[in-house]
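Have a look at the structure below before the remarks.
The values are calculated or read from the model by the stated rules, or taken from the named source; none is laboratory data. Keep in mind that this is a model prediction, so the values were computed, not measured. So basically every Cβ, Gly included, is an ideal-geometry build from the backbone, and we count neighbours across all protein chains shown.
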Amino acid sequence: MTAQLPNSRRNFLKLSLLAGAGALAAPWVVRETIAGTEKPAPGLTRVALTTGEDRADLAFQALRPFAREVSRAIGRKRVVIKPNNVSIDNQLSASHAANLEGILEFLKSIGKRDVVIAESAANGPTLEGFANYGYDKVAAKYGAKLVDLDAEGFEILHCFDETDFRPHACRMSKVLLDPNNFIISAAKFKTHDRVVATLSLKNIVVGAPIKDPGFRWGPGAKPGARNDKPLTHGSGYRGINYNLYALAPRLHPHLAVIDGYEGMEGEGPVGGTPVQHRVCVASTDWLAADRVAVELMGIDFAKLGYLNFCAQTGMGEADLSKMEILGPKVSEHVRSYKLAKSIDRQLIWMQPVKKS
């Protein structure tokens with residue numbers, strides 16, 4: 001039997017103390033799931049889906065079924081929570097502090113306290129964005145450290161450019177490449193103007209390239225300050241899809257937590273409009289999590305080049321029939337997200353290259 005738990009802030013805080021001991025089961029799970037002690041269905045990849053009105057609680061509850069699995073996987077590793085801060089001053093485009101709070105409360109419940117929140121924001125100083133979004137308060141509450149990936153060193157990886165068909169050196173964050181770190185992608189449900197949708201994988205891959213101190217889009221930029229993130233975009237729709245796929249083996253999350261409490265549709269990843277969706281998706285299989293999120297957004301999965309490439313080469317599970325959804329039926333919570341105006345051009349990756 002499954003215990004009935006009212007979805008309230010008070011209950012969320014109580015659950016944080018009980019989750020590690022497995023004292024209660026969440027009402028949205030269709031079978032008994034007591035804090036990581038449940039037995040997965042044979043051969044099926046588990047993805048948790050939660051719904052409700054408390055953003056932090058949605059993340060916390062989505063993670064509870066994976067407690068034992070995640071605890072073992074982390075071991076003695078440092079935990080790196082990577083939010084999605086493509087902008088430092090647009091909350092709709094960025095991971096919300098309440099989502100991070102739910103993740104941190106979960107980590108606390110399984111005894112994991114060596115945690116950093118790390119990002120290389122796309123359009124300006126990372127720590128400025130952290131302050132704008134209230135991450136400093138959440139980090140202080142849980143003893144987490146705030147880290148600017150731009151200041152933590154880099155390794156050189158190479159990105160393909162479709163204009164010259166050559167590899168280009170790109171400075172990639174050492175923190176996200178370090179095998180001694182356990183990477184959590186705190187992503188968002190967002191449509192995208194180049195790859196249809198951006199979810200847990202893209203959050204890691206495009207967050208990894210670093211930028212020089214003083215780089216900023218617009219007024220106040222330091223002359224000559226370089227940003228390597230555009231290199232991952234490969235100068236076109238084919239280039240960015242290929243790079244996301246090619247970099248995924250080294251730059252992917254170990255745990256995906258995708259916040260759909262308030263998604264973004266239209267001209268994402270920055271200029272879109274809100275979708276009140278009230279969902280959260282989590283899985284230790286990042287591709288499965290992204291696949292379920294795409295379904296919830298009402299998007300045809302066949303349109304996402306990079307995720308299809310990853311599925312075709314066995315990087316994770318993308319077949320919904322081979323997944324066990326822990327929670328309500330996906331079909332009951334689908335919203336039809338409006339796609340970017342560039343969608344027809346984005347789909348050029350599906351067409352063969354024309355011979356000259």
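State the number of residues belonging to region 170-180 that are outside any helix (DSSP H, G or I), touching a Leu at 6+ places or on another chain (Cβ under 8 Å) and not polar (S, T, N, Q).
2
Among the residues of region 271-324, how many are among the hydroxyl-bearing types (Ser, Thr, Tyr) and closer than 25 Å to Ser87 by Cβ?
Within region 271-324, residues that are among the hydroxyl-bearing types (Ser, Thr, Tyr) and closer than 25 Å to Ser87 by Cβ number 2.
Keeping to region 148-163, report how many residues are of a type in the set (A, V, I, L, M, F, W, C), touching a residue at least 40 places away in the same chain (Cβ under 8 Å) and either more than 18 Å from Ala122 (Cα to Cα) or in contact with a Gly (Cβ under 8 Å, 6 or more places away or on another chain) (or both).
4
Assuming Ser331 fulfils every condition listed in (1) within 30 Å of Lys77 (Cβ to Cβ); (2) free of Cβ contacts under 8 Å to residues at least 40 places away in the same chain apart from one, which condition is it?
(1)
If I filter region 326-334 for residues that are at pLDDT 95 or above, out of contact with any helix residue (DSSP H, G or I) (no Cβ under 6 Å at 6 or more places or on another chain), within 20 Å of Gln91 (Cβ to Cβ) and assigned to a helix (DSSP H, G or I), do I get at least one hit?
no
Filter region 220-256 down to the residues that are in contact with an Asp or Glu (Cβ under 9 Å, 6 or more places away or on another chain) and farther than 25 Å from Ile184 by Cα and list them by number.
If the condition is that a residue be in contact with an Asp or Glu (Cβ under 9 Å, 6 or more places away or on another chain) and farther than 25 Å from Ile184 by Cα, then Lys222, Gly224, Ala225, Arg226, Gly234, Ser235, Gly236, Tyr237, Arg238, Gly239 are the ones that fit.
Quick one: which helices (runs of 4 or more DSSP H) sit completely within region 60-142 and have at least 1 residues that are without any contact (Cβ under 8 Å) to a residue 12 or more places away in the chain and not aromatic (Phe, Trp, Tyr)?
Here the list reads 67-74, 126-132, 135-142.
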